[in-house]
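Enquirer: Quick one: the structure is below, and I'll ask about it shortly.
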């Protein structure tokens, strides 16, 4: 069965974040992608120039149209922007109850630009966190959700992980903002905490990493037995996308990760002709084909209750 995933997020004309990144991630991981746009952004790899909010009722309308027709196996929520849109999304989730929901609480871009209205943080915390399955904040976002100072070490991350766990069933805190040779993330599901550690990838091209990771978790959750397994597989996918990011050469700022790193080879059109030839040969032989995503870095993990 081909799984269907929904992205509710803002746009990125440069293609590295938001709806565009989510749909690329879904496709790379073998999932059919659908989308509802929650905000229109003028942005590129160097920053955000402008945001045009989408009215809440025109987030509700496409959500109802989609859910009334298409089976949705997982939902990824990104930038919502306003309290009005947050209410529209929360209401739709309560009505249709999709089986797996991941919230990336986008509040600021990688460039540092503020993306969430000042009155929306409370709505995100009180209205949306209770109706999603997993929230994936980085350290600044975790602090904003809790109304606390940002964690400066791993022990501080554990404390905020526990407090966020009282607001949402599942929490993944991303520790990429901490210093050190390794990047440490903490995931807490059903009261059980798992520490995930991986070597940092030496690249400046990290535009859309949060969008990509949360979209990958949503895409992989129906394909994995539990949330922790989906998070592990998504981190492996993101590591591969970061390792290949420099080959894209997009923009003059922090470029995007390579969402199709496991599917594209050097050669462009030559690669496409090779795929066409191989598929035609298999069709001639009566052989069904499929592409499997390849991911490859096993993060160190340890678990504590």
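The values are calculated or read from the model by the stated rules, or taken from the named source; none is laboratory data. In this text the structure is predicted, and so the values were computed from the model without any measurement. Here the Cβ is made from the backbone with ideal geometry for all residues, glycine too, and neighbour counts use every protein chain on show.
Enquirer: Considering only segment 1-24, state which residues are over 21 Å from residue 251 (Cβ atoms) and crowded, with 17+ Cβ neighbours inside 10 Å.
Expert: The answer is 3, 4, 5, 6, 7, 8.
Enquirer: Among the residues of segment 19-37, is there at least one that is part of a helix (DSSP H, G or I) and within 18 Å of residue 123 (Cα to Cα)?
Expert: The answer is no, given that none of the residues of segment 19-37 is part of a helix (DSSP H, G or I) and within 18 Å of residue 123 (Cα to Cα).
Enquirer: Further, regarding this structure: State whether the residues of segment 219-226 include one that is part of a helix (DSSP H, G or I), in contact with a helix residue (DSSP H, G or I) (Cβ under 7 Å, 6 or more places away or on another chain), at pLDDT 95 or above and surrounded by fewer than 18 Cβ atoms within 10 Å (Cβ to Cβ).
Expert: No, there is no match, as no residue in segment 219-226 is part of a helix (DSSP H, G or I), in contact with a helix residue (DSSP H, G or I) (Cβ under 7 Å, 6 or more places away or on another chain), at pLDDT 95 or above and surrounded by fewer than 18 Cβ atoms within 10 Å (Cβ to Cβ).
Yes/no per residue for (1) out of contact with any strand residue (DSSP E or B) (no Cβ under 8 Å at 6 or more places or on another chain); (2) closer than 13 Å to residue 218 by Cβ; (3) surrounded by 22 or more Cβ atoms within 10 Å (Cβ to Cβ):
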| position | (1), (2), (3) |
| --- | --- |
| 26 | no, yes, yes |
| 29 | yes, yes, yes |
| 42 | no, no, no |
| 56 | yes, no, no |
| 60 | yes, no, no |
| 67 | yes, no, no |
| 106 | no, no, yes |
| 121 | yes, no, no |
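Enquirer: Also, I was wondering about something else. Name the residues in segment 189-218 that are touching a strand residue (DSSP E or B) at 6+ places or on another chain (Cβ under 7 Å), surrounded by fewer than 18 Cβ atoms within 10 Å (Cβ to Cβ) and outside any strand (DSSP E or B), would you?
Expert: Passing the criteria: only 200.
Enquirer: Before we move on, is residue 247 in contact with a strand residue (DSSP E or B) (Cβ under 6 Å, 6 or more places away or on another chain), more than 29 Å from residue 117 (Cα to Cα) and surrounded by fewer than 21 Cβ atoms within 10 Å (Cβ to Cβ)?
Expert: Considered against the rule, which asks whether it is in contact with a strand residue (DSSP E or B) (Cβ under 6 Å, 6 or more places away or on another chain), more than 29 Å from residue 117 (Cα to Cα) and surrounded by fewer than 21 Cβ atoms within 10 Å (Cβ to Cβ), residue 247 comes out as no.
Enquirer: Check 142, 120, 199 and return the single one that is within 21 Å of the chain's Cα centre (by Cα) and closer than 20 Å to residue 37 by Cα.
Expert: Only one candidate passes the filter, namely 120.
Enquirer: Let me ask another. Consider residue 95 carefully, then state whether it is in a helix (DSSP H, G or I) and either in contact with a strand residue (DSSP E or B) (Cβ under 7 Å, 6 or more places away or on another chain) or exposed (fewer than 14 other Cβ atoms within 10 Å of the Cβ) (or both).
Expert: The answer is yes for residue 95.
Enquirer: Condition first: without any contact (Cβ under 8 Å) to a residue 40 or more places away in the chain and surrounded by fewer than 21 Cβ atoms within 10 Å (Cβ to Cβ). Now tell me which residues in segment 232-244 satisfy that.
Expert: The one that is without any contact (Cβ under 8 Å) to a residue 40 or more places away in the chain and surrounded by fewer than 21 Cβ atoms within 10 Å (Cβ to Cβ): 244.
Enquirer: Sticking with this structure for a sec: Considering (1) within 18 Å of the chain's Cα centre (by Cα); (2) modelled with pLDDT of 95 or more; (3) within 19 Å of residue 55 (Cβ to Cβ), say which one residue 127 fails and leave the rest.
Expert: So the condition that residue 127 fails would be (1).
Enquirer: Looking at segment 178-188, is at least one residue touching a strand residue (DSSP E or B) at 6+ places or on another chain (Cβ under 8 Å) and surrounded by fewer than 16 Cβ atoms within 10 Å (Cβ to Cβ)?
Expert: At the first step, the residues of segment 178-188 found to be touching a strand residue (DSSP E or B) at 6+ places or on another chain (Cβ under 8 Å) are 178, 181-188.
Next, from what is left, pick out any that are surrounded by fewer than 16 Cβ atoms within 10 Å (Cβ to Cβ): 181-182.
The answer is yes; a qualifying residue exists.
Enquirer: So, in segment 130-146, exactly how many residues are without any contact (Cβ under 8 Å) to a residue 60 or more places away in the chain and surrounded by 20 or more Cβ atoms within 10 Å (Cβ to Cβ)?
Expert: Within segment 130-146, residues that are without any contact (Cβ under 8 Å) to a residue 60 or more places away in the chain and surrounded by 20 or more Cβ atoms within 10 Å (Cβ to Cβ) number 6.
Enquirer: Right, something else. Tell me the residue from 88, 151 that is under 23 Å from residue 19 (Cα atoms) and either in contact with a strand residue (DSSP E or B) (Cβ under 6 Å, 6 or more places away or on another chain) or crowded, with 19+ Cβ neighbours inside 10 Å (or both), please. Let's see the steps before the verdict.
Expert: Values: 151 fails: under 23 Å from residue 19 (Cα atoms).
Every option except 88 fails the conditions.
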